[in-house]
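The values are calculated or read from the model by the stated rules, or taken from the named source; none is laboratory data. Every value quoted in this text rests on a predicted model; they were computed, and no experiment measured them. Every residue, glycine among them, receives a Cβ derived from its backbone with ideal geometry; neighbour counts consider all protein chains shown. Note: accessible area is taken over every heavy atom of the protein model, side chains too, but ligands, DNA and RNA are not part of it. Shrake-Rupley method; radii C 1.70, N 1.55, O 1.52, S 1.80 Å.
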Amino acid sequence: MRDSYIEVSPGRFREVQGRYFEDFEVGHVYEHRPGRTITDADNVWFTLLTMNTHPAHFDYELSKDTEFGKPLVVSPLTIALMTGMSVSDTSGKAIANLGWDEVRMTKPLFVGDTLYCESEVLEKRESKSRPEQGIVTFKTTAKNQHGDVVAHYKRTVLVWKRGHGNLDD
């Protein structure tokens with residue numbers, strides 16, 4: 001278990017993000033809260049920001065004639081939210097993301113849906129070239145408000161060992 005705050009001076013506290021390499025145990029699952037309800041503005045802005053302007057993401061009239069009957073949330077927004085929601089538990093002390101693997105979009109996500117995520121520690125090992133760091137792999141799963149899995153991926157991060165790095169300064 002990690003403490004959410006450290007006392008930096010008498011009566012003064014700082015929020016702490018993430019875990020050190022030693023804090024991770026294979027099989028542990030972290031539920032990321034709060035959830036995040038997707039708005040129309042989120043979907044349209046992310047669609048335009050990333051230049052993924054497929055009309056299925058923001059053209060309500062065109063979308064009426066699709067199998068879904070309404071616009072889909074753009075998939076990279078789902079992945080970005082999943083990653084962001086997981087940072088405080090998984091990679092708040094990471095040096096770098098090493099990769100995302102086995103990314104799957106298993107069910108559509110729509111404006112008005114609320115995303116909830118959790119991450120399971122799949123593997124961890126010490127870095128062979130960086131003795132102050134370790135490598136941890138997670139499987140992050142996203143569910144909607146009905147409990148339906150809408151996406152999942154594996155993410156591998158390089159993370160500091162306790163006593164190293166400058167993330168708690």
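Listing for the model above:
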{"item": "Residue count, the stretch 102-147 (criterion: part of a loop (DSSP other than H, G, I, E, B) and either surrounded by fewer than 18 Cβ atoms within 10 Å (Cβ to Cβ) or not acidic (Asp, Glu) (or both))", "result": "16"}
{"item": "Residue among 35, 99 that is closer than 30 Å to residue 22 by Cβ and either in a loop (DSSP other than H, G, I, E, B) or touching a Lys or Arg at 6+ places or on another chain (Cβ under 8 Å) (or both)", "result": "99"}
{"item": "Contacts under 8 angstrom Cβ, first residue in the stretch 99-111 being under 18 Å from residue 146 (Cβ atoms), partner among the polar types (S, T, N, Q) and not in a loop (DSSP other than H, G, I, E, B), 6 or more apart", "result": "105/75; 105/78; 109/78; 111/43"}
{"item": "Check on residue 63, open to solvent by less than 70 Å² (accessible area, probe 1.4 Å), out of contact with any Phe, Trp or Tyr (no Cβ under 9 Å at 6 or more places or on another chain), hydroxyl-bearing (Ser, Thr, Tyr) and at pLDDT below 95", "result": "yes"}
{"item": "Pick from the stretch 5-21, criterion under 26 Å from residue 80 (Cα atoms) and outside any strand (DSSP E or B), ranking: modelled with the highest pLDDT", "result": "21"}
{"item": "Qualifying residue in the stretch 23-45 (condition: among the polar types (S, T, N, Q), open to solvent by less than 50 Å² (accessible area, probe 1.4 Å) and either under 16 Å from the mean Cα position of the chain (by Cα) or more than 22 Å from residue 153 (Cβ to Cβ) (or both))", "result": "no"}
{"item": "Subset tally (residues that are of a type outside the set (Ser, Thr, Tyr) and either surrounded by 14 or more Cβ atoms within 10 Å (Cβ to Cβ) or in a helix (DSSP H, G or I) (or both)) for the stretch 66-76", "result": "5"}
{"item": "Members of the stretch 24-53 found to be free of Cβ contacts under 8 Å to residues at least 24 places away in the same chain and on the phi < 0 side of the Ramachandran plot, listed by number", "result": "34, 41, 44, 45, 48, 49, 53"}
